[in-house]
There are 4 protein chains.
Amino acid sequence: MRRTREDSEATHQQLLKAGLRIFSEKGYAAARLSDVAYAAGVTRGAIYWHFKNKKDLFLALFRKNVDPLFDTIKDVLEDKSSPLGKIRTILTIVLEKIDTDADFRANQNLEFAETKLLSDIPELQQYLTNRAANSYKLFIDMIESGVKNGEIRNDIDANSVINIFSAMIRGYCFISSRKDFLTFAGDIDTEQMINIFIQGLKA
Amino acid sequence: MRRTREDSEATHQQLLKAGLRIFSEKGYAAARLSDVAYAAGVTRGAIYWHFKNKKDLFLALFRKNVDPLFDTIKDVLEDKSSPLGKIRTILTIVLEKIDTDADFRANQNLEFAETKLLSDIPELQQYLTNRAANSYKLFIDMIESGVKNGEIRNDIDANSVINIFSAMIRGYCFISSRKDFLTFAGDIDTEQMINIFIQGLKA
Amino acid sequence: MRRTREDSEATHQQLLKAGLRIFSEKGYAAARLSDVAYAAGVTRGAIYWHFKNKKDLFLALFRKNVDPLFDTIKDVLEDKSSPLGKIRTILTIVLEKIDTDADFRANQNLEFAETKLLSDIPELQQYLTNRAANSYKLFIDMIESGVKNGEIRNDIDANSVINIFSAMIRGYCFISSRKDFLTFAGDIDTEQMINIFIQGLKA
Amino acid sequence: MRRTREDSEATHQQLLKAGLRIFSEKGYAAARLSDVAYAAGVTRGAIYWHFKNKKDLFLALFRKNVDPLFDTIKDVLEDKSSPLGKIRTILTIVLEKIDTDADFRANQNLEFAETKLLSDIPELQQYLTNRAANSYKLFIDMIESGVKNGEIRNDIDANSVINIFSAMIRGYCFISSRKDFLTFAGDIDTEQMINIFIQGLKA
DNA sequence: CATGAATGAGGTTTCATTCAT
DNA sequence: AATGAATGAAACCTCATTCAT
């Protein structure tokens with residue numbers, strides 16, 4: 001039984017961690033609170049000390065690290081390298097994270113899978129929308145400046161780039177999470193994937 | 001209540017159709033059989049006449065039209081056009097289907113989301129694996145022949161092409177299903193997306 | 001397991017009956033649905049076929065026979081006997097019912113005890129208020145006509161009569177339900193109680 | 001947190017006060033210790049320092065001021081006024097208390113409502129029974145002396161008087177507690193109620 | 001074939017109670 | 001003396017499943 005303030009905080013973190021794992025493994029509906037409690041080394045009751053209910057625990061996961069993907073992307077978009085350089089950097093970082101950081105992957109998968117739950121909370125939905133809109137604008141600007149300086153081909157519109165870029169990341173996240181089941185996904189050379197994409201954008 | 005054989009068959013089809021919709025909307029665990037029954041215009045009991053249980057209904061969805069994606073891909077892979085032509089054709093068809101055919105999209109989403117359930121049925125899992133391996137081999141051959149004839153750049157390996165190709169399709173399927181929530185996904189010009197990808201592969 | 005329409009209706013009635021008994025014995029909060037189910041000879045699940053939840057079962061009890069006290073009173077108030085005659089009749093009937101009709105008593109006790117729950121349902125609250133207002137008006141009229149024709153003393157106002165009248169009935173209902181615990185309530189001669197009250201009203 | 005003896009005593013009193021309010025508002029079963037703690041300005045844990053458990057807190061309420069109604073009644077019964085004068089005095093005091101003293105009313109309501117809990121403690125039950133028997137005897141004597149001296153009508157038996165007297169008090173306590181819900185109970189002239197009752201008893 | 005009724009397992013939630021600090 | 005954290009029993013409730021009709 002945990003007693004001190006630090007112990008309590010530890011329990012809180014354990015629950016978030018366990019929640020992320022269980023929810024992303026099984027999905028929200030199939031996840032049992034007893035699983036989460038067990039994984040966190042406490043009893044079900046403890047969850048209700050730290051969170052209002054199952055959904056509140058789930059949403060706390062999101063509030064804690066809402067879409068670290070956006071943070072990653074935004075930082076790079078705001079640095080000073082060239083447009084294609086930025087895209088390469090982002091993809092390198094993100095695909096690398098997807099491969100190696102199970103929590104990052106879990107977070108992404110959850111966000112992909114449980115869109116319905118998120119939309120229950122207008123406030124959170126709003127937040128995500130704003131973040132996305134924000135990154136979107138930076139991304140568009142970047143592409144357009146790349147076109148202007150002759151680095152990026154001028155026969156494509158920025159919107160299509162965003163779509164293929166997003167699709168690739170999301171798709172890769174899925175593939176990386178399902179390596180066991182996907183026979184062809186054995187060894188993935190992300191650098192080559194990035195090369196292909198960059199090449200497709202070059203002027 | 002006396003029913004004719006046609007009525008029964010109609011109910012069966014309704015249940016499959018309803019099942020596909022509900023399962024793909026909510027995911028397997030969150031989907032309630034009462035939802036399915038309601039969507040099919042019958043009561044829960046009827047499901048148990050046509051299917052052994054919830055999982056059996058779910059798997060029947062797959063047995064009915066297992067992975068139409070592979071069918072589509074395979075047909076094109078076996079025709080006589082050039083490698084890049086084939087890739088363009090496949091992407092054109094698949095992305096188009098994703099955009100316009102809700103059942104196709106639902107089917108893909110389910111297969112993406114419920115990998116675990118599918119893998120519960122070794123027979124089905126085996127089948128999927130074989131199909132994938134089959135398509136994979138054809139795909140690899142195609143890329144390699146493209147490289148050989150100078151159409152495709154020679155500094156990439158076929159495996160990476162498959163990965164980026166798969167990721168794109170899966171990611172696009174996700175984006176297309178979530179248009180309501182994704183602000184940037186308003187109007188998507190799939191042709192441009194394809195152009196970018198093809199360009200990236202060119203020698 | 002009940003199967004026919006009549007069986008189902010029987011179960012429904014059993015549940016209402018059991019609910020009335022258990023709720024009035026233990027109070028809403030302390031009553032367990034398993035008690036109700038057991039008393040009705042079914043399992044807990046059956047309750048949820050017939051009612052939405054615990055509160056819905058409780059409220060169904062009320063909707064079924066909302067305050068039979070009002071019905072009883074109203075019928076007498078509208079007949080043609082003299083004011084004091086009516087009062088005597090009402091008290092005779094009601095106190096008799098309280099003594100002999102366990103369901104009537106249970107119903108009254110529930111309504112007394114669970115005012116809070118009732119006020120959760122504005123519609124029901126409204127209904128009760130209207131019924132009461134209705135009876136109240138008839139009662140006031142009756143007293144005033146009794147005063148006018150010289151049967152009832154003219155130094156009291158009708159409102160006070162209603163209050164003492166209501167208090168007596170409610171109080172008696174309580175005493176009658178607690179005979180086991182109340183040492184003095186052994187043999188109660190309700191006729192004498194009525195006599196005292198009537199005498200107090202006489203001109 | 002260091003507390004003085006007075007602080008502790010204050011907490012104890014706060015808990016009793018809060019308990020009385022919460023228990024009488026919600027009933028024993030529906031009352032949560034967290035409600036009580038909150039009302040007393042402490043946390044749940046504190047309750048367990050001062051009382052063994054929930055029931056112990058409840059019973060302490062009674063042990064503290066067991067049935068002030070009996071005290072009130074007994075004092076008057078033992079004074080030297082005439083029988084009908086005593087009855088008038090008792091009713092005047094009690095109905096007044098019910099109207100103005102929320103704690104008195106709460107106490108009565110609790111005792112009325114939670115008879116079963118009280119009877120769990122033989123010692124307390126015994127005490128209440130004795131008090132009641134005691135008052136009962138004094139009351140009977142009073143009535144009979146009233147009959148003997150010609151003040152009270154001789155066609156009624158003392159037992160019936162006790163019953164209607166008790167019913168009135170209990171019923172009035174109920175009505176007074178539910179004024180919000182009872183439309184007719186707006187302004188209650190208790191003196192008139194008493195007059196009616198006294199008049200009913202007069203020879 | 002299908003329905004309506006009921007079961008029962010298993011999940012979520014509440015809350016009295018315990019206990020280290 | 002009191003708090004904050006956690007436990008665990010027991011309640012409510014959901015829902016896949018069964019089954020007489």
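Read-outs: derived from the displayed coordinates by stated rules, not from any lab. From a predicted model like this one, the values you see are computed outputs, not experimental measurements. Don't worry about glycine lacking a Cβ; one is built from the backbone with ideal geometry, like all the others, and counts go over all protein chains shown.
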Quiz prompt | Computed Kirkwood radius, in angstrom, where 1/r is averaged over Cα pairs of region D:19-90 | solution = 14.4
Quiz prompt | Computed E for A:ASP189/A:ASP71 - FRET, C-beta separation, R0 25 angstrom, nearest 0.05 | solution = 0.45
Quiz prompt | Average Cα contact separation per residue, region B:92-203, under 8 Å, 6 or more apart, as relative contact order % | solution = 37
Exercise. Report, please, the projected area of region D:20-148 averaged over directions, based on the convex hull of its C-alpha atoms, in nm².
Key: 8.6
Quiz prompt | Separation in nanometres of the label points that stand 7 Å from Cα toward Cβ, at A:ASP120 and B:LYS179 | solution = 2.7
Quiz item: Nm distances between the label at A:SER8 and the same-position labels in the remaining copies, 7 Å along Cα→Cβ, shortest first?
Solution: 2.4, 5.2, 6.4
Quiz item: Distances over 39 Å make up what percent of all Cα-Cα pairs in the protein assembly as shown?
Solution: 58
Quiz prompt | More than 26 angstrom apart: percent of Cα pairs within region A:70-203 | solution = 27
Quiz item: Given +1 on the Cβ of Lys and Arg, -1 on the Cβ of Asp and Glu, and no further charges, what dipole in debye does region D:65-201 carry about its Cα centre, rounded to the nearest 20?
Solution: 240
Quiz prompt | Chain B Cβ-axis minimum, rotational copy C, residue and distance in Å | solution = B:GLY45, 4
Practice problem: Would you kindly work out, in nm and rounded to one decimal, the distances from the label point of D:THR129 to those of the same position in each other copy, ordered shortest first, with label points 7 Å along Cα-to-Cβ? | Solution: 4.5, 7.0, 7.8
Exercise. Excluding residues on the same chain fewer than 8 positions from C:LYS148, give the lysines whose Cα lies under 26 Å from its Cα.
Key: C:LYS74, C:LYS80, C:LYS86, C:LYS137, C:LYS202, D:LYS202
Quiz prompt | FRET efficiency, B:SER81 to A:ALA60 (Cβ-Cβ, R0 60 Å, nearest 0.05) | solution = 0.70
Quiz prompt | Packing-based order for B:170-177, C:11-18, B:128-135, using average beta carbon neighbours within 10 Å, highest first | solution = B:170-177, C:11-18, B:128-135
Practice problem: Between the label point of A:THR43 and that of the same position in each other copy, find the distances and list them shortest first in nm, with every label point placed 7 Å from Cα along the Cα-to-C-beta direction. | Solution: 1.8, 2.7, 4.2
Quiz prompt | Mean Cα-pair separation over length for chain C, i.e. relative contact order, pairs under 8 Å, 6 or more apart, % | solution = 22
Quiz item: What residues qualify as long-range amide H neighbours of B:ILE152, i.e. H under 5 Å apart, gap of 5 or more or another chain, H built at 1.01 Å from N?
Solution: B:VAL147, B:ALA203
Quiz item: Between A:ALA113, A:ASN134, A:CYS173, whose Cα lies farthest towards the positive end of the dipole of region A:88-203 when Lys and Arg beta carbons carry +1 and Asp and Glu beta carbons carry -1, centred on the Cα centre?
Solution: A:ASN134
Practice problem: Go ahead and run the numbers for FRET between D:ASN149 and C:GLU96, Cβ-Cβ distance against an R0 of 35 Å, rounding to 0.05. | Solution: 0.55
Quiz item: For the residue pair D:GLN13 and A:SER34, what label-to-label distance in nm results when each label sits 7 Å from Cα along the Cα-to-beta-carbon direction?
Solution: 4.9
Quiz item: Average partner chain C-beta neighbours within 10 Å, per residue of A:187-200?
Solution: 6
Exercise. Compute the Rg/Rh shape ratio of region B:5-60: radius of gyration over Kirkwood radius, all on alpha-carbon atoms.
Key: 0.93
Quiz item: Say we join alpha carbon atoms closer than 10 Å with springs in a Gaussian network model of chain D; which of D:VAL76, D:VAL42, D:VAL94 then has the biggest fluctuation?
Solution: D:VAL42
